[in-house]
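Read the structure below first, then the notes.
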Amino acid sequence: MKPEIKFDVKKTIKYWLEGAEYDIEVADTMFEGGKYPYALFMSHLALEKLLKSLVVEATGNHAPYTHSLPLLAEKTSLNIPKKTKKDLARFMEFHFEARYPNDQMKFYKKCSKAFASRNLRKIKEVFEWLKKQ
């Protein structure tokens, strides 16, 4: 019989928050280096980790194994505005299309400096709103 491992809610929240902060900084570095698809991918990852910290805080349990921002948002105790929910759904593009080879080139062509800048700014607005909750 395996010994039961105690789940440390505060430690887990801290883990997700630190990861989110690190990843948003990496997104900035990628953007500054002209790696726009990866800047958006990392910003998606930062939002995912931030949402996971909020899920742990709300439920006292581990966050689900998912990359879905809308699903994670649903599992928090937050009253998230409809527009923000739509943004989270739209940001999913930066996770899937940036990673799978068939869509990668199409995404890379779409991912100009202006496109990345506009979306990174939007992601950071949602990121900061979530942090304040």
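Quick notes on this structure:
Yes/no per residue for (1) out of contact with any Asp or Glu (no Cβ under 7 Å at 6 or more places or on another chain); (2) among the hydrophobic types (A, V, I, L, M, F, W, C); (3) on the phi > 0 side of the Ramachandran plot:
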{"site": "E48", "(1), (2), (3)": "yes, no, no"}
{"site": "G60", "(1), (2), (3)": "yes, no, yes"}
{"site": "L72", "(1), (2), (3)": "no, yes, no"}
{"site": "K75", "(1), (2), (3)": "yes, no, no"}
{"site": "L78", "(1), (2), (3)": "yes, yes, no"}
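- The helices (runs of 4 or more DSSP H) found wholly in the range 20-93 and carrying at least 3 residues that are touching a His at 6+ places or on another chain (Cβ under 7 Å) occupy 36-59.
- Residue list for the range 94-133, filter: at pLDDT 85 or above, of a type outside the set (K, R) and surrounded by fewer than 16 Cβ atoms within 10 Å (Cβ to Cβ): S112, A114, F115, S117, E125, E128, W129, Q133
The values are calculated or read from the model by the stated rules, or taken from the named source; none is laboratory data. Note that the coordinates shown come from a computational prediction; the quantities given were computed from them, not determined experimentally. Positions of Cβ are backbone-derived with ideal geometry, glycine not excepted, and every protein chain shown enters the neighbour counts.
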